[in-house]
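> Before anything else, here's the structure in question.
Since every read-out is calculated from the coordinates, none of them should be taken as a lab result. This is a predicted model, so every value here is computed, not measured. Cβ placement follows ideal geometry from the backbone for every residue including glycine, while neighbour counts extend to all protein chains displayed.
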Amino acid sequence: MPIATEKELLDAACHLGHPTNKWNPRMAQYLYGSRKGIHIFDLTQTREHLEKVCDALKKLQTEGKTILFVSTKQQSIPLIEDIGESLHQPTVTKKWMPGLLTNWNTIKNRLKYYLDLKESFRSGEVEKYTKKEQVALRKKLTKLDAALSGVSEMKRPPDAVFIVDAVRDSVAIAEANTLKIPVYGICDSNAQPSNFTLFVPANDDAMKSLQLILGTVKEYLVSAQ
């Protein structure tokens with residue numbers, strides 16, 4: 001999939017940032033200006049950065065590296081889940097479990113417990129417990145499923161992380177930064193660009209923007225398989 005033209009980025013509302021009173025000044029160099037109190041991205045830079053991010057991620061995919069795709073933003077969840085399934089990469093879309101990266105040894109034990117519990121329901125082994133205990137275990141499984149289902153096959157921390165909303169999922173970025181795991185993603189006008197290794201300066205809210213950017217990323221990486 002070729003990188004979108006500036007017109008296609010414009011048509012997808014990739015140029016629209018946040019209100020001018022809710023911005024990160026370090027994003028100034030990626031902005032064209034403002035209109036009616038809304039920051040406008042320089043789409044020439046948006047396009048260039050999208051290509052750089054795609055090239056970097058494609059290289060990782062080609063090398064068989066693990067890329068963790070993260071977004072708990074409702075409108076992007078189906079897109080991220082589709083990327084995970086298409087690329088056989090882990091995802092977090094419901095809830096970020098604190099320590100997922102920085103406390104991996106503990107998380108690894110939680111993952112084993114989650115998979116064992118899931119298997120006990122699948123095999124019927126759970127029936128050895130009382131009805132009350134089964135209800136409690138089902139609630140626990142539902143909670144763990146929301147947090148860990150997308151990373152259930154991860155054997156170690158990922159080689160890179162891709163973030164859709166850097167403000168909403170700031171804990172994921174902080175953990176990746178702590179471990180010096182490369183961070184890629186979309187950086188809207190209210191986010192901190194220095195937290196990224198490479199990023200796409202663009203709208204991280206509009207559905208059309210997300211579909212275009214994430215769709216481009218997906219197609220690039222699928223071609224690397």
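> Could you work out Rg/(2.2 N^0.38 Å) for the chain, with Rg from alpha carbons only?
Details: Rg = 19.2 Å, N = 225, 2.2 N^0.38 = 17.2 Å.
This ratio for the chain stands at 1.12.
> Right, next: Take every DSSP beta bridge with both residues inside the chain and express the antiparallel ones as a percent of the total, to the nearest 5. Don't skip to the end; give the middle numbers.
Numbers: 6 of 19 bridges.
Of all bridge pairs located within the chain, approximately 30 percent are antiparallel.
> Let me know the volume per residue of the alpha-carbon convex hull for the range 104-151, in Å³.
Numbers: hull volume 3.2 nm³, N = 48.
Given the Cα convex hull of the range 104-151, per-residue volume reads 68 Å³.
> Straight distance only, please: which aspartates and glutamates reach the Cα of LYS73 with their own Cα at less than 13 Å, same-chain residues fewer than 8 apart left out?
GLU81, ASP165, ASP169, ASP204, ASP205
> If you don't mind, there's one more thing I want to ask. Helix 207-222 versus the longest principal axis of the chain: what angle, 0 to 90°, nearest 10, using Cα atoms?
70 degrees
> Further question: Each residue of the range 182-196 in turn: what ³J(HN,Hα) in whole Hz from Karplus with 6.51, -1.76, 1.60 and θ = phi - 60°, glycine and Pro shown as x?
Going residue by residue, I get x, 10, 10, x, 9, 10, 6, 5, 9, 9, 9, x, 5, 7, 9 Hz, with x marking Gly and Pro.
> Given H placed on each backbone N at 1.01 Å, which residues far from TYR32 in sequence or on other chains put an amide H within less than 5 Å of it?
Answer set, sorted by chain and number: ILE40, PHE41, ASP42.
> Further question on the same structure: If you take the Cα atoms of the range 1-129, find Rg, then find the Kirkwood Rh from the mean of 1/r over all pairs, what is Rg/Rh? Working shown, then result.
Details: Rg = 20.5 Å, Rh = 18.4 Å.
So for the range 1-129, dividing Rg by the Kirkwood Rh gives 1.11.
> Sticking with this one: What is the Cα centroid distance between the range 139-168 and the range 1-74, reported in whole angstrom?
Centre-to-centre (Cα) distance: 23 Å.
> Hey, got a sec? Which chymotrypsin sites (Phe, Trp or Tyr not before Pro) in the range 123-224 land in a DSSP loop and have at most 11 other Cβ atoms within 10 Å? Spell out each step's value before the answer.
Details: sites: TYR129, PHE162, TYR184, PHE196, PHE199, TYR220; in loops: TYR129, PHE196.
Sites meeting the loop and neighbour criteria: none at all.
> Taking only C-alpha pairs under 8 Å that are 6+ residues apart, what is the relative contact order of the chain in percent? If you can, show how the numbers build up before the last one.
On the way: 362 pairs, mean separation 71.2, N = 225.
Relative CO of the chain lands at 32 percent.
> Now for a different question. Rounded to the nearest 10 degrees, what's the angle between the helix 77-87 long axis and the longest principal axis of the chain, both from Cα atoms, 0 to 90?
That helix lies at roughly 80 degrees to the long axis.
> Can you tell me the orientation of helix 104-123 relative to the chain, as the angle in degrees between its alpha-carbon axis and the longest Cα principal axis, to the nearest 10?
60 degrees
> Continuing with this model, one more query. On each of the three principal axes of the Cα atoms of the range 67-164, give max minus min coordinate, whole Å, ordered largest first.
Sorted largest first, the three principal extents are 43, 29, 22 Å.
> Run the reach check for LYS59 against aspartates and glutamates, Cα to Cα strictly under 13 Å, same-chain hits fewer than 8 apart removed. What comes back?
GLU51, ASP159
> Here's a follow-up. Ranked highest first by the average count of other Cβ atoms within 10 Å around their residues, in what order do 100-109, 71-80 fall?
Going by the mean number of other Cβ atoms within 10 Å, highest first, we get 71-80, 100-109.
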